[in-house]
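The values are calculated or read from the model by the stated rules, or taken from the named source; none is laboratory data. What you see is a predicted model; the values in this text were computed from it and never measured. Here Cβ is always computed from backbone atoms with ideal geometry, including for glycine, and neighbour counts include all displayed protein chains. The accessibility values were calculated without ligands, DNA or RNA, using every heavy atom of the protein model including side chains. Shrake-Rupley method; radii C 1.70, N 1.55, O 1.52, S 1.80 Å.
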Amino acid sequence: MKRLSYFPAIILITLSACNASKEFDATGTFEATEIIVSSEANGKLLCLTVKEGSKLSKNSEVGLVDTVQLYLKKLQLQASMKSVDNQRPDIQKQIAATKEQIATARREKARVENLLKANAANQKQLDDWDSQLAVLQRQLEAQTSSLRNSTASLNEQSSSVAIQVAQVEDQLQKCHILSPIDGTVLAKYAEPGELASTGKPLFKIADIENIYLRAYITSTQLASVKLGDPVKVYADFGDDIRKEYPGKITWIADKAEFTPKTILTNDERANQVYAVKIAVRNDGTIKIGMYGEVKF
């Protein structure tokens, strides 16, 4: 009798172990960081070399919007800036003649002072030179002030034009379509020859090498997980085919939500769950939208 009861016990333990091996703590779907790249300029789309499924590196140029009008505007502004610079006065050359008159007046005043000491001149002659010297000094001050104001005004005009040139250069730069991240093109929305406008979607790109599983856990499970915890992630390929990947919890929702209809949890009585993101390094086999399971 003891021997007969021994084998059923072994079978029961084995079946329990098999069933336990299929248990999971949470399920969800794999997602990736997707970016829709839109046009930042208006004009004809001269080229767009991306293809669905092609891999792009960050900041690689993949397209170009017509830049002719912007380039011509830049040339016009640069010519305007050159014209403003040519109008800027040379203050020292402009006031050189007045300074020479003042130097001459001072020499004459000194000569009259010496003659006055020798009683060879009168006081009126000296007063006349004092008056003329004062007038020349005021003329120099007025001339210098006017030239400085003119220079300041021209400097402001030049700065304004320089800002406009910088704006056009920025617009020219935005005509060059760049990939914002290292990733794979998921969809292409425009073709060369079409009219691009600011905000028009051109293509969608995603980083599918560094994906994450968005799963949902109950409040009971929430107490046993924390950010940075390593977990086991299983990608579900269908027909009971699963592949294990190492994962790490990178985000836990701060707010509970009602259980999504497509999500299964161990505690089916739970009305509210918390979303978590689990980072997974993709070996190329995991696809966006594929179901996955988690064991904490």
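Please report, as a whole percent, how much of the solvent-accessible surface of the chain comes from carbon and sulfur atoms (probe radius 1.4 Å).
53
Computed from the coordinates I sent, Cα extents along the principal axes in Å equals one of [x] 63, 42, 36; [y] 156, 49, 30; [z] 44, 44, 41. Tell me the label.
This structure yields the entry labelled [y].
Starting from the Cα coordinates of region 201-244, work out the convex hull volume and express it per residue in Å³.
Residue-normalised Cα hull volume stands at 169 Å³.
Show which lysines lie in cross-link reach of K82 when reach means a straight Cα distance below 20 angstrom and same-chain residues fewer than eight apart are skipped.
K73, K74
Hey, got the Cα dimensions of region 66-134 along the principal axes, in Å, largest first?
86, 14, 8
Rounded to the nearest whole Å², what accessible area per residue is found for the chain with the 1.4 Å probe?
Heavy-atom accessible area per residue stands at 64 Å².
With the cut-off at 18 Å, report for region 150-263 the share of all Cα pairs above it, as a whole percent.
Of the Cα pairs, 75 percent sit more than 18 Å apart.
Distance in nm between label sites at K73 and K255, each 7 Å beyond Cα in the beta-carbon direction?
4.1
Of the peptides 176-189, 43-56, 146-159, how do they stack up when ordered by the mean number of other Cβ atoms within 10 Å, highest first?
Top of the packing list down: 176-189, 43-56, 146-159.
Compute the distance from the alpha-carbon center of region 102-140 to that of region 52-100, in whole Å.
One Cα centre to the other: 52 Å.
Report the normalised scattering of region 130-191 as log10 I(q)/I(0) at q = 0.22, 0.23, 0.27 Å⁻¹, calculated by the Debye formula with identical scatterers on the alpha carbons.
-0.94, -0.97, -1.06
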